[in-house]
């Protein structure tokens with residue numbers, strides 16, 4: 001289908017040129033029949049059939065008016081013959097259309113040269129008029145009479161070409177802007193999808209992994225220590241409720257209608273370090289011994305983005321520690337110093353347990369790094385002193 005468009009455009013141009021050729025031929029014949037074709041003093045001694053033949057050839061060349069410079073050269077030859085026989089108005093008028101077409105459809109260089117060509121033709125007409133006219137004043141008058149037929153079409157075509165070029169440029173700019181806008185939209189969608197994937201991973205890996213570990217612990221100690229088993233089951237329920245709340249908030253955000261400003265489900269407040277005790281209790285219920293070295297004095301004073309990022313990193317690190325070093329010991333250290341919030345989670349590794357995140361290549365470690373980078377911070381994770389260390393440094397200014 002796209003290959004058909006150029007053919008249709010070519011057919012439309014051919015029909016337009018044919019209509020111009022027929023119209024100019026009819027008008028030229030009418031001028032010859034009325035005897036108004038004379039441009040110089042004196043009668044027109046050239047036979048009518050010669051004039052009509054010249055006009056017919058020139059109008060036939062109108063079908064080539066878009067083939068620059070071939071059409072102009074052929075038309076110039078016919079005009080030269082007409083001038084030698086005595087210039088006639090129909091030939092000059094038709095020739096102006098060739099000047100217009102050459103300026104409009106030719107190359108940029110040809111378009112710029114048409115002013116000079118028009119000037120040279122005008123000078124040639126003046127010289128011929130001086131040769132064949134006894135009075136020089138008459139030659140000058142004839143030259144000035146012919147001037148609009150030569151300069152006007154060139155100026156007009158140059159104007160049309162300039163407007164066309166401007167329109168093409170604006171159209172190209174619009175296409176580029178539309179392309180850039182589409183790329184920005186895709187990048188925004190990809191960013192939002194990545195953000196949603198991180199949040200979903202935090203919910204699943206954080207709460208549901210803790211539920212799985214704690215359920216297994218509760219099953220193993222149900223008969224040995226009913227009180228401890230009850231405590232573990234309470235932690236399982238708390239994690240389940242938290243997971244449901246966060247999932248409900250995410251679903252409500254996805255189903256909300258921004259145009260009305262009325263989300264279907266009220267969003268919940270994002271997790272903060274003020275709720276760090278829940279993480280610690282959940283990790284302890286999973287069989288992990290957690291020691292808190294220090295913490296920030298006033299968690300609510302932290303920037304919201306940094307607060308949420310620190311909470312999620314601590315959640316992921318403790319979840320990985322409970323998963324890969326169950327029954328071991330973990331040290332949680334969160335401190336703010338010099339405009340930097342530092343989050344450190346160090347845990348022991350049991351033989352054969354691997355690193356804290358599937359050999360350091362899991363999705364949890366990638367999410368932690370992305371979250372830290374999103375607020376301008378850094379995260380390092382790897383073996384340290386026989387254990388596994390996750391250390392994040394998050395700037396408190398300009399987050």
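The values are calculated or read from the model by the stated rules, or taken from the named source; none is laboratory data. A quick note: this is a predicted structure, and the numbers were derived from the prediction, not measured. So basically every Cβ, Gly included, is an ideal-geometry build from the backbone, and we count neighbours across all protein chains shown.
Remarks
- Some residue of segment 290-304 being surrounded by 14 or more Cβ atoms within 10 Å (Cβ to Cβ), modelled with pLDDT of 80 or more and either outside the structural domain of residue 376 (by TED's automatic domain parsing) or within 15 Å of residue 330 (Cα to Cα) (or both): yes
- Filtered residue count, segment 310-331, keeping only those that are under 19 Å from residue 385 (Cα atoms) and either buried (at least 24 other Cβ atoms within 10 Å of the Cβ) or not assigned by TED's automatic domain parsing to the domain that holds residue 284 (or both): 6
- Residue 72 falls short on exactly one of the conditions (1) in contact with a helix residue (DSSP H, G or I) (Cβ under 7 Å, 6 or more places away or on another chain); (2) surrounded by fewer than 19 Cβ atoms within 10 Å (Cβ to Cβ), and that condition is (2).
- Residue within segment 8-15 that is farther than 28 Å from residue 84 by Cα and at pLDDT 80 or above present: yes
- Of all residues in segment 86-108, those that are over 15 Å from residue 28 (Cβ atoms) and assigned to a helix (DSSP H, G or I) total 8.
- Which numbered condition residue 307 misses (of (1) modelled with pLDDT under 80; (2) more than 15 Å from residue 390 (Cβ to Cβ)): (1)
- One residue from 89, 84, 27 being more than 56 Å from the chain's Cα centre (by Cα) and surrounded by fewer than 18 Cβ atoms within 10 Å (Cβ to Cβ): 84
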